[in-house]
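Here the structure is laid out as structure tokens; the discussion comes afterwards.
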Amino acid sequence: YDSVLAFDGLEALELFRKNKADLIIADVMMPKIDGFELVTRIRKFDPFVPIIFLTAKDDRVDRDLGMSVGADAYITKPFSLRELFQEVGALLNKTPIERENDRLKFSNSWLSRETTRLETKIKELKATKQTDTADVNVEKDHAVYATMAHDMTNELGLIGGALQAIRHLAAGSDEIQEECDLMERSLHYSGQLLRRFKNYAQIIKPHLEPLDIPELIKRAESLLRPRIPSNIVFELDTDLIKLEGKVLVDADQVIGVLIEITNNAVHALRNTEGIIKLNASVQDGVLGIAISNNGPRILEDIRKQLFKERVRSSKEKGTGMGLFLAKQVLSTFGGTISSTEPIRNWVTFEIHLPLYKH
């Protein structure tokens, strides 16, 4: 290989701008700007060039940061030339789409670990509130939450950018475009979950707006329907557009709760030809929205605890935090969420929101 050498981060950036490289090997500790900053800047105008970190910084945090800013590989010193050459050869032989997929897999894994850390912090916060030093600990934990939420927001942005790049590169592949559609819906849902967490941790305040009920239902339908696979029928009562009244809510967060319920229903019906229904009604100054499915019944003792922290509706994988956060979010609008007793094998979740009084 022909190589060009730079003695600091800024010089490397200038060299790359003038002479596009096929691959970059970067240290982390460098004068002027470090390797993390260098890669961050390079990724802004070239999302595809392969980048390898070669560094003595071998902490897990440093490795995660290096990969999250856009590196394709992270090699720590001492290293063998064989190891380096194998990584170089492997990256140069991969297509841009394959490298972007690798980065997306890492990002999803990193987000999963960060979510677990956030859940642990929430439990710690609950415990510290019961001590005499609760106020100090809450302030400290709030800063931790804000930092992690900021980092996760950036990570979702990186995933979104990579996803668009894959769409562009694979414009002629219907199969890859369909996969991108699925990933984009998951990305949107992850953003809603993060927003709900920020609201719960009081990092942001909900954006309240008076919204006509038909408009809320219409927005919800546009995001719910694409999430439902072909083996499941989605039934929406057409009379819902006739409902009168407004609710004062953060529409994105309310719809995020509906997505949470729908995702659970889709998972329960994944092996059957099932039905998901969405109905709504107005009674005594309250909007009620019900999502029902004809999937497996939820055990009674679990149903009564569904909205507590880390309670799952089945033995399937999951954090048990989705419905817990949903309840916290709805309470900020004066709303409630409940799971009703099954009627003729229908599992139903109901949301109630007070009507907006002008």
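The values are calculated or read from the model by the stated rules, or taken from the named source; none is laboratory data. The model shown is predicted, which means the values in this text are computed figures rather than measured ones. Here Cβ is always computed from backbone atoms with ideal geometry, including for glycine, and neighbour counts include all displayed protein chains. Note: accessible area is taken over every heavy atom of the protein model, side chains too, but ligands, DNA and RNA are not part of it. Shrake-Rupley method; radii C 1.70, N 1.55, O 1.52, S 1.80 Å.
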Of residues in segment 237-256 being more than 25 Å from the chain's Cα centre (by Cα) and either among the small types (Gly, Ala, Ser) or part of a helix (DSSP H, G or I) (or both), the one farthest from Asn293 (Cα to Cα): Gly245
Residue pairs meeting the criteria (Cβ under 9 Å; at least 6 apart or on separate chains; first within 23 Å of Tyr356 (Cβ to Cβ), in segment 245-266; second among the aromatic types (Phe, Trp, Tyr) and assigned to a helix (DSSP H, G or I)): Gly256/Tyr189; Ile259/Tyr189
Matching residues in segment 257-306 - criterion: being within 26 Å of the chain's Cα centre (by Cα) and among the hydroxyl-bearing types (Ser, Thr, Tyr): Thr262, Ser292
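Can you tell me which residue among Ala56, Ala71, Ala26 is more than 25 Å from the chain's Cα centre (by Cα), under 19 Å from Gln86 (Cβ atoms), of a type in the set (Gly, Ala, Ser) and open to solvent by less than 80 Å² (accessible area, probe 1.4 Å)? I'd like the intermediate steps shown before the answer.
Working: Ala56 fails: under 19 Å from Gln86 (Cβ atoms); Ala71 fails: more than 25 Å from the chain's Cα centre (by Cα).
Of Ala56, Ala71, Ala26, the one residue that is more than 25 Å from the chain's Cα centre (by Cα), under 19 Å from Gln86 (Cβ atoms), of a type in the set (Gly, Ala, Ser) and open to solvent by less than 80 Å² (accessible area, probe 1.4 Å) is Ala26.
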Candidate set: segment 157-173, residues that are at pLDDT below 70 and open to solvent by less than 60 Å² (accessible area, probe 1.4 Å); chosen: the one farthest from Val329 (Cα to Cα): Gly161
Per-region count, segment 253-293, residues out of contact with any Lys or Arg (no Cβ under 8 Å at 6 or more places or on another chain), open to solvent by 10 Å² or more (accessible area, probe 1.4 Å) and modelled with pLDDT under 90: 8
Qualifying residue in segment 101-109 (condition: acidic (Asp, Glu), modelled with pLDDT under 80 and out of contact with any Lys or Arg (no Cβ under 6 Å at 6 or more places or on another chain)): yes
Yes/no for Val88 being β-branched (Val, Ile, Thr) and free of Cβ contacts under 8 Å to residues at least 24 places away in the same chain: no
Lone qualifier among Ile176, Ile213, Ile204 - being farther than 16 Å from Asn101 by Cα and at pLDDT 75 or above: Ile213
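Yes/no per residue for (1) within 24 Å of Ala170 (Cα to Cα); (2) surrounded by 19 or more Cβ atoms within 10 Å (Cβ to Cβ); (3) in contact with a helix residue (DSSP H, G or I) (Cβ under 6 Å, 6 or more places away or on another chain):
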| residue | (1), (2), (3) |
| --- | --- |
| Glu14 | no, no, no |
| Ala21 | yes, no, no |
| Pro47 | yes, yes, yes |
| Val61 | no, no, no |
| Ser80 | no, no, no |
| Gly89 | yes, no, no |
| Asn93 | yes, no, no |
Extreme residue, nearest to Val266 (Cα to Cα), among residues of segment 319-339 that are open to solvent by less than 60 Å² (accessible area, probe 1.4 Å) and free of Cβ contacts under 8 Å to residues at least 40 places away in the same chain: Gly320
Those residues of segment 220-236 which are part of a strand (DSSP E or B) and under 19 Å from Leu182 (Cβ atoms), in sequence order: Phe234
